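J.: The structure under discussion is supplied below as structure tokens; questions concerning it will follow.
No lab work stands behind these numbers, since they all come straight from the coordinates. All figures in this text were calculated on a predicted structure; none of them were measured in a lab. Cβ atoms come from the backbone with ideal geometry, glycine included; neighbour counts cover every protein chain shown.
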Amino acid sequence: MDRPAPTPQQLLTIAVEVARDAAATAYRMRAEGVSVAATKSTATDVVTAADRAVERQVIAALRELRPGDAVLGEEYGAGAAGATGPGAVRWIVDPIDGTVNYLYGLPHFAVSLAAEVDGTVVAGVVRNASTGDEWTATAGGGAWRDGQRLRGSTETDLGQALVATGFGYDPRRRAHQARVVAELITQVRDIRRLGAAAIDLCYAAEGRVDAYFEKGLAAWDLAAGGLVASEAGLRVDGLRGVPAGPDMVVAAPAALFEPLHARLADLDASGGP
Ligand code: IPD
Ligand code: CA
């Protein structure tokens with residue numbers, strides 16, 4: 001690479017600018033009316049014209065501001081290869097996380113944009129395109145919303161914990177996830193299924209829920225929100241020593257992580273289809 005690696009703060013500044021414009025487009029297109037453009041993995045895994053338009057806008061803005069960086073997005077995949085070598089930057093975007101909420105007009109959908117340097121996420125922003133709530137984090141620089149540093153929940157009793165989760169689109173996977181939740185719901189305060197994984201992670205970061213777990217997240221669901229949660233001091237991991245990833249993401253404050261992890265491991269929450 002012929003230019004020095006950007007700092008996490010420089011990448012965050014770009015991410016926030018791009019995500020705000022993207023969120024404005026998502027909001028405007030929602031107001032103009034939404035319909036399903038196509039289905040993906042199953043008949044209920046939908047994509048709208050806005051998912052595609054917003055991702056195209058993000059890619060174009062990044063090409064302008066950071067030519068040569070790689071971009072991975074939910075709707076268009078990896079696109080053109082970016083520069084490689086030390087300091088290489090890759091952007092990871094979910095143009096609309098919470099697409100089903102978007103389709104139904106539920107005000108809970110977000111643009112999620114993260115920047116990796118050398119394969120590690122160092123900056124991320126999640127912006128609820130409906131409410132304007134915006135969460136940011138940089139590696140080592142903490143997690144923030146509205147100028148307030150986020151530190152997660154202080155709850156220490158799993159039995160009192162409000163736990164967010166989500167379900168995949170494949171009915172066989174859902175059946176397994178429902179069995180896990182049917183057991184877990186008897187051992188926690190309650191369960192929330194809000195419909196946008198990136199926002200769930202940010203809610204856990206600020207203690208609007210006490211913890212979050214889900215099987216089946218893709219990189220674009222996890223990248224920005226996972227950094228926000230870990231920079232808020234939460235432990236973000238998979239089960240039994242596996243890093244957070246497609247098999248399982250658990251995000252919880254230290255005191256809740258172990259008991260929640262133990263219950264999820266007992267229930268084989270990362271197993272099944
Ligand atoms: C989905 C949402 C949902 C989660 C699913 C994700 P999408 O993303 O984040 O809350 O349970 O696992 O696929 O399809 O709305 O971008
Ligand atoms: Ca999406």
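J.: Does segment 1-76 come out rounded, prolate or oblate by the C-alpha gyration tensor, with a ≥ b ≥ c the root eigenvalues, rounded set by a/c under 1.5 and, if not, prolate when a/b is larger than b/c and oblate if not?
T.: Values: a/c = 3.09, a/b = 1.91, b/c = 1.62.
Judged from the Cα gyration tensor, segment 1-76 comes out prolate (a/c at least 1.5, a/b above b/c).
J.: Counting each DSSP H run of 4 or more residues in the chain as -39500 (n - 2.57), what helix-only mean residue ellipticity at 222 nm follows after dividing by all residues, to the nearest 500 deg cm²/dmol?
T.: On the way: 7 runs with 98 residues, N = 273.
Value at 222 nm, helices only, nearest 500: -11500 deg cm²/dmol.
J.: Contact order normalised by length for segment 8-147, with contacts defined as Cα pairs under 8 Å and 6 or more residues apart; what percent is it?
T.: Numbers: 276 pairs, mean separation 32.4, N = 140.
Relative contact order here is 23 percent.
J.: Could you work out how far helix 171-184 tilts from the main Cα principal axis of the chain, as a 0 to 90 degree angle to the nearest 10?
T.: Roughly 50 degrees, rounded to the nearest 10.
J.: Highest mean first, what order results for 161-169, 65-73 on Cβ atoms within 10 Å?
T.: So the order, starting with the most tightly packed, is 161-169, 65-73.
J.: When the chain is fully extended, how far beyond the present Cα-Cα distance does residue 37 get from residue 76, taking 0.36 nm per residue of separation? Before the final figure, lay out the partial values.
T.: Working: separation 39, 0.36 × 39 = 14.04 nm, distance 1.44 nm.
Full extension from residue 37 to residue 76 adds 12.6 nm.
J.: When the dipole is taken about the Cα centre of segment 133-262, and only Lys, Arg (+1) and Asp, Glu (-1) are charged at their Cβ, what size is it in debye, to the nearest 20? Can you show the working numbers first?
T.: Working: 14 positive and 17 negative charges, 64 e Å.
Roughly 300 debye for segment 133-262.
J.: Over the chain, with a single point scatterer placed on each C-alpha, what log10 of the ratio I(q)/I(0) does the Debye formula yield at q = 0.09, 0.11, 0.13 1/Å?
T.: -0.38, -0.58, -0.81
J.: Now for a separate question. Arrange the peptides 261-270, 46-55 so that the one whose residues have, on average, the most other Cβ atoms within 10 Å appears first. Mind dumping the intermediate values first?
T.: Working: 261-270: 17.7, 46-55: 21.1.
Ranking the peptides 261-270, 46-55 by packing returns 46-55, 261-270.
J.: Classify segment 209-265 as rounded, prolate or oblate, taking a ≥ b ≥ c as the square roots of the eigenvalues of its Cα gyration tensor: rounded when a/c is under 1.5, otherwise prolate if a/b is larger than b/c and oblate if not. It would help to have the intermediate numbers written out before the result.
T.: Details: a/c = 1.88, a/b = 1.14, b/c = 1.65.
It comes out oblate by the Cα gyration axes.
J.: Could you give the dipole magnitude of segment 64-134 about its Cα centre, charging the beta-carbon of Lys and Arg +1 and that of Asp and Glu -1, in debye to the nearest 20?
T.: Details: 3 positive and 10 negative charges, 13 e Å.
Dipole about the Cα centre, nearest 20: 60 debye.
J.: Taking a ≥ b ≥ c as the square roots of the Cα gyration tensor eigenvalues, with a/c under 1.5 meaning rounded and otherwise prolate when a/b beats b/c, else oblate, which class fits segment 36-172?
T.: Note, shape of segment 36-172 comes out oblate.
J.: Please arrange 7, 13, 186 by counting, for each residue, the other beta carbons lying within 10 Å of its beta carbon, fewest first. Don't skip to the end; give the middle numbers.
T.: Details: 7 14, 13 17, 186 7.
Ranked by crowding around the Cβ, least crowded first: 186, 7, 13.
J.: Shifting gears a bit: Would you work out the charge dipole size for the chain about its Cα centre, treating the Cβ of every Lys and Arg as +1 and the Cβ of every Asp and Glu as -1, and quote it to the nearest 20 debye?
T.: Numbers: 26 positive and 34 negative charges, 53 e Å.
Magnitude of the dipole: close to 260 debye.
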